[in-house]
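Right, one structure below, let's go through it.
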Amino acid sequence: MGRHNQRVTITFAQKLARLPHYEPGTSLEDARAAAETDDAVKLASNESPQPPHPAVIEAIARAAADANRYPDPEARVLRRRIADRYDVEPGGIAVSNGSCEILLAAAEALCEEGAEVVYAWPSFSIYPHMTALSGARDVRVPLADGDVHDLEAMLAEVTAATQIVVVCNPNNPTGTHLPASEIGAFCERIPDHVTVICDEAYVEYQVDDDPDTTLDLLAAHPNLVLLRTFSKCYGLAGLRVGYALGSAQFRAAVDAVRQPFSVNAIAQAAAAEAILHQDDVADRVERNAIERVVVTEGIRELGLRTPDSGANFSWVDLGDRDEAEVIDSLARAGVAVRPGTPLGDPGHFRVSYGTRAENERFLAALGEAI
């Protein structure tokens, strides 16, 4: 038998069987394919409806001219500008290919077989991947009434085996937010051997606190890590830049298990420019707050329940209505939203806030769907 006809059996790691399927939000192309109109809108992935700041686009163009060169593996300009923005030391800042990379790297760096990772559920759908990849055990704590984190119940699950506790705040997919004072009180009661990762991808959008308030907790709690991103309010989802604020030891740990050059040069340049334009961030947050009121009131006027959101999306409870039928009806009307079933809570869906025209179109389509 010839060499090319030999049968080859490939053995895969057992952890592949443990990995859940990450289902991203419907793409704009998929939405258009499912729609009965050719002008479908995507409200499924919590993206900013506004493009990057013009100066950021210029920075991207400049960086593209040097795309034949490797990026700075230390991301020094970006880390310095993040440090200047928050008045922290750059040594405690880790940057990453989206905040997901930090989460997965943290699990790899901090967890052994038999370790535990505690998180609320439903929450960000990447968290189950942390345990599946590292061999740790996940401990899911149901949300309390109002779709908020039950910090007391989470604290009760912390054991000597717990290595990481993740608090998504504001929570994805429910949008609910806990004030920084509650996060601080929670950290006071967490044992020192546990790393608390406060995932703040949407923190700029909430109105309970100044978004910088949680930074005051870092000095008192060396085991606290704040996770943030340029994907949401900075409008850079397509470039994938996240960052962690914490200790130099945490940064060294996650950097040790990641590939070099994980944040490309164009992404670094874009984020380093974007963080200089805090007036633009404030404008985006204000626009989001206005659209949040429009969408929330519209959903409730239709008789559906949605918790108060501190993010750029709403979590909609469909009651006894069929989730798939509602999602399909919206899709046929050219509106893509995120179904609740893959996010851990059937009978719901998540809708991002778009432009006023997009939001009004969603509300009209939702009225028809129910």
**Prompt:** So how far, in whole Å, is the C-alpha centre of the range 309-367 from the one of the range 39-65?
**Reply:** 23
**Message:** Going by Cα centres, the range 136-182 and the range 216-295 are how many Å apart?
**Reply:** 21
**Over the range 78-184, volume per residue of the alpha carbon convex hull, in Å³** = 122
**Request:** Show that you can apply the helix-only estimate: for the chain, add -39,500 (n - 2.57) for every DSSP H stretch of four or more residues, divide by all residues, and state [θ] at 222 nm to the nearest 500.
**Result:** -11000 deg cm²/dmol
**Fill in**
Once phi for every residue in the range 330-346 is put through the Karplus expression 6.51 cos²θ - 1.76 cosθ + 1.60 (θ = phi - 60°), the whole-Hz ³J(HN,Hα) values, with Gly and Pro written as x, are 4, 4, 5, 7, x, 10, 9, 10, 9, x, x, 4, x, 8, x, 8, x
**Message:** Quick one: the Cα spread of the chain along its three principal axes, in angstroms, biggest first?
**Reply:** 69, 53, 53
**Prompt:** Which net charge results for the neighbourhood of LEU224, defined as the other residues with beta-carbon distances under 14 angstrom from its beta-carbon, given Lys and Arg at +1 and Asp and Glu at -1?
**Reply:** -3
**Message:** Can you compute 3J(HN,Hα) from phi for each residue in the range 107-117, using the Karplus curve 6.51 cos²θ - 1.76 cosθ + 1.60 with θ = phi - 60°, rounded to whole Hz and x for Gly and Pro?
**Reply:** 5, 5, 7, 9, 10, 9, 4, x, 6, 10, 10
**Mean Cα-pair separation over length for the chain, i.e. relative contact order, pairs under 8 Å, 6 or more apart, %** = 25
**Message:** If R₀ is 30 angstrom, what is the calculated FRET efficiency for the pair ASN68 and ALA252, using the beta carbon separation as r and rounding to 0.05?
**Reply:** 0.50
**Request:** Assign unit charges at the C-beta atoms only (+1 for Lys and Arg, -1 for Asp and Glu), then state the dipole size of the chain relative to its Cα centre in Debye, rounded to the nearest 20.
**Result:** 1500
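Read the figures in this text as sums done on the coordinates, not as results from a lab. Just so we're clear, the structure is a prediction, and the values are computed from it rather than from any experiment. Note that each Cβ is placed from the backbone with ideal geometry, even for glycine, and that neighbours are counted across all protein chains shown.
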